[in-house]
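Notes to accompany the following structure.
No lab work stands behind these numbers, since they all come straight from the coordinates. On a predicted model such as this, the values are computed, not experimentally measured, just so you know. Cβ sites come from the backbone with ideal geometry, for glycine too, and all protein chains shown count toward neighbours.
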Amino acid sequence: MARRNKILVPEARSGLDQLKAKVVNVQNPEDAKFEAAEETGVPLKKGYNGQLTSEQAGKVGGRLGGSMVRELVKMAQENISKRT
C-alpha cells in the first residue's frame, strides 16, 4: 500500500514509526494499525481493504493519530518542565 502522506522531515519517519508502535504497545510499527483496528472492532486485514467504510478507516487512523499526538504533547510538556 503506497503512503500518500508526506512528512516535512523525511528523516523523522523511523522516529514516527517507533512512536506509533509505542503508543499501541507492539514491537513492529506495521502491526500498530492492525492492533488499533482490533481494539476498535474494525475488520482490517493485510492487503486491500476497499470494503471498509470511511467511518471504519477513520476509527483506525484516529486511534493511532490521536494517541501519537497525546504522546508527543506529553513528551513536550516533560521537556519544558525539565528546562525550568
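So the values come out like this:
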quantity	calculated
Residue order, fewest to most beta carbons within 10 Å, for K46, K33	K46, K33
Which label in (i) 53, 24, 17; (ii) 27, 15, 12; (iii) 19, 14, 12 gives the computed semi-axes √(5λ) of the Cα gyration tensor in Å	(ii)
Dipole moment magnitude, nearest 20 debye, the chain about Cα centre, only Lys, Arg, Asp, Glu C-beta charged	260
J(HN,Hα) series, region 38-53, from Karplus relation 6.51 cos²θ - 1.76 cosθ + 1.60, nearest Hz, glycine and proline x	5, 5, 9, x, 9, x, 7, 9, 5, x, 6, 10, x, 7, 6, 7
Ascending count of other beta-carbon atoms within 10 Å, so fewest first, for T84, T40, T53	T84, T53, T40
Helix-only [θ]222 nm of the chain, DSSP H runs n ≥ 4, -39500 (n - 2.57) each, per residue, nearest 500	-22000 deg cm²/dmol
Cβ-Cβ FRET estimate between T40 and R83, R0 fixed at 41 Å, reported to 0.05	0.65
Normalised contact order of the chain, rounded percent, pairs of Cα under 8 Å and 6 or more residues apart	24
Other-chain or far-sequence residues with amide H under 5 Å of N49's (modelled H)	none
Residues L8, L19, sorted so that the one with the fewest Cβ neighbours within 10 Å comes first	L8, L19
Positive-pole candidate from N49, P29, L19, dipole of region 14-83, charges at beta carbon	L19
Formal net charge of residues neighbouring F34 (Cβ-Cβ distance under 9 Å; K, R +1; D, E -1)	-1
Residue pairs, from the table K33/K74; K20/K82; K6/K59; K33/K59, whose Cα atoms sit over 18 Å apart	K33/K74; K20/K82; K6/K59
